[in-house]
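Note sheet for the following structure.
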Amino acid sequence: MASRLEVNSWRRAPGFLLASLRLWWQARRSPGVLGLTLKAEMVKGVFWTYSVWEDKAAIYAYAGSEPHKSTVARKRKVMRDATFVFFTAPADESRLSWDEVGRRLTAQRDSATSDPTA
């Protein structure tokens with residue numbers, strides 16, 4: 001799973017980073033996580049995540065648990081944009097570069113923009 005999250009003002013970036021780090025620590029201890037990383041472009045107010053999970057059930061269990069659930073609800077108010085992409089890959093292909101993560105997120109965003117039902 002990969003995500004690109006953008007806050008509506010660079011002034012929101014420090015608080016968003018702190019919240020992201022708390023959720024990163026939570027995810028590290030969550031059942032089913034195999035690996036995760038976070039990248040922050042503070043001046044742009046853009047945050048990237050990439051995580052590898054045993055299955056979608058593990059991701060959804062993490063997303064529905066606290067503090068993730070309430071933090072996401074609070075931080076939606078400061079978001080400009082959010083893109084998520086889910087994909088499966090063999091274990092030996094689970095390490096992706098940030099360039100590849102960005103390519104997959106851009107492809108997802110472009111397909112959602114061109115799809116009138118999205």
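Here, each number is a calculation from the coordinates, and none is a lab measurement. This is a predicted model, so every value here is computed, not measured. Note that we place each Cβ from the backbone using ideal geometry, even for glycine, and neighbour counts take in every protein chain shown.
The set of residues from region 59-88 being touching a strand residue (DSSP E or B) at 6+ places or on another chain (Cβ under 8 Å) and among the small types (Gly, Ala, Ser) comprises just one member, Ala82.
Checking each residue in region 2-47 for being surrounded by fewer than 18 Cβ atoms within 10 Å (Cβ to Cβ), among the hydrophobic types (A, V, I, L, M, F, W, C) and closer than 19 Å to Phe86 by Cβ picks out Trp24, Val33, Leu34, Leu36, Leu38. The number of residues in region 27-42 being under 14 Å from the mean Cα position of the chain (by Cα) and farther than 17 Å from Lys56 by Cα comes to 5. If you go through region 61-75 and keep only what is exposed (fewer than 12 other Cβ atoms within 10 Å of the Cβ) and either of a type in the set (Asp, Glu) or within 13 Å of the chain's Cα centre (by Cα) (or both), you end up with just Glu66.
Does region 40-54 contain any residue that is of a type in the set (Val, Ile, Thr) and out of contact with any strand residue (DSSP E or B) (no Cβ under 9 Å at 6 or more places or on another chain)? Explain how you work it out, then say what you get.
Taking region 40-54 and keeping what is of a type in the set (Val, Ile, Thr), we get 43, 46, 49, 52.
This time we only want the ones that are out of contact with any strand residue (DSSP E or B) (no Cβ under 9 Å at 6 or more places or on another chain), so: 43.
Yes, there is a match, as at least one residue in region 40-54 is of a type in the set (Val, Ile, Thr) and out of contact with any strand residue (DSSP E or B) (no Cβ under 9 Å at 6 or more places or on another chain).
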